[in-house]
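Quick notes on the structure that follows.
The values are calculated or read from the model by the stated rules, or taken from the named source; none is laboratory data. The model shown is predicted, which means the values in this text are computed figures rather than measured ones. Using ideal geometry, Cβ is built from the backbone for each residue, glycine included, and neighbour counts are taken over all protein chains shown.
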Amino acid sequence: MRSARATLIWAVLASAICVPMAAAAVSPLLEWRGPVYILAGFAGMIALVVMLVQPLLIGGYLPGLPARIGRRVHHWTGGALVVAVVIHVAGLWITSPPDMIDALTFTSPTPFSPFGVIAMWAIFTVALLAALRRRLGLRTWRIAHMLLAIVIVTGSVVHGMLIEGTMETVTKAALCALVLAATIKVMADLRVWRLARRRTAAADLPGRKADTISGEQR
């Protein structure tokens, strides 16, 4: 039973990643695009896929992958997300600098541009904070990371859904829905787990105080 469940989870994840990418790869719109533009487009798709994998790793939802290794892979895939975004933006800059200037300065007439730019800067901010997390402290880092993750996921999903491009509509919507669901799930679970730890610690505190007083009286 457990083996079947693990297989099902990995199969669903593989389908969620491969099906949208395969549908985009056969899009007729690619016939009118150059290789740099195509590379930039697929880099954006890969970034969206990474956003699906990230919460699954940190939440320990992938069977057969220990939590410690999952957290380590989460760090590496976070770096891969930054690289994918850089390639996405650089490729679009090469193919159309005026459009990218408009997007980066929030003067683009396209409705999807601001969401993508906001998500991009949030990703870069997380990467910077991750490098400084020991100086920030664990609590500050976690709060900042969670808030920025909400901005990243929301901005990226809206950005992707508003674009009418090479990604097929149904598979793109399914991927975006899974990204949102995974993010909400891990944030809810981590919050519940931390609240449970605090309550347990608070419940144990009177007992510890009583033991201390008893020891002092002796």
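Between a first residue in the range 14-26 that is among the β-branched types (Val, Ile, Thr) and a second residue that is assigned to a helix (DSSP H, G or I) and surrounded by fewer than 19 Cβ atoms within 10 Å (Cβ to Cβ), which pairs have beta carbons less than 6 Å apart while being 6 or more apart in sequence or on different chains?
Final answer for the pair search is 19/171.
Name, by its number, the condition in (1) closer than 25 Å to residue 31 by Cβ; (2) at pLDDT 95 or above; (3) out of contact with any Leu (no Cβ under 9 Å at 6 or more places or on another chain) that does not hold for residue 168.
So residue 168 meets the others, but not (2).
Limited to the range 83-96, what total is found for residues that are closer than 23 Å to residue 187 by Cβ and surrounded by fewer than 17 Cβ atoms within 10 Å (Cβ to Cβ)?
0
Of everything in the range 112-145 that's small (Gly, Ala, Ser) and within 15 Å of the chain's Cα centre (by Cα), which residue is farthest from residue 157 (Cα to Cα)?
Taking the candidates together, the pick is 130.
To keep it simple, each residue is scored yes or no on (1) touching a strand residue (DSSP E or B) at 6+ places or on another chain (Cβ under 9 Å); (2) at pLDDT below 95; (3) on the phi < 0 side of the Ramachandran plot.
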| residue | (1), (2), (3) |
| --- | --- |
| 19 | no, no, yes |
| 45 | no, no, yes |
| 49 | no, no, yes |
| 60 | no, yes, no |
| 64 | no, yes, no |
| 68 | no, yes, yes |
| 72 | no, yes, yes |
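Any chance you could count how many residues in the range 39-62 are in contact (Cβ under 8 Å) with a residue 60 or more places away in the chain and either exposed (fewer than 14 other Cβ atoms within 10 Å of the Cβ) or among the hydrophobic types (A, V, I, L, M, F, W, C) (or both)?
Looking only at that region, the number is 8.
Can you tell me which residues in the range 126-147 are among the small types (Gly, Ala, Ser) and either farther than 16 Å from residue 81 by Cα or in contact with a His (Cβ under 6 Å, 6 or more places away or on another chain) (or both)?
137, 144
Need the failing condition index for residue 46 against (1) touching a Phe, Trp or Tyr at 6+ places or on another chain (Cβ under 8 Å); (2) assigned to a helix (DSSP H, G or I), just the number.
The number of the failed condition is (1).
I'm checking my understanding of the structure. Among residues of the range 154-171 that are within 19 Å of the chain's Cα centre (by Cα) and small (Gly, Ala, Ser), which one is surrounded by the fewest Cβ atoms within 10 Å (Cβ to Cβ)?
That would be 155.
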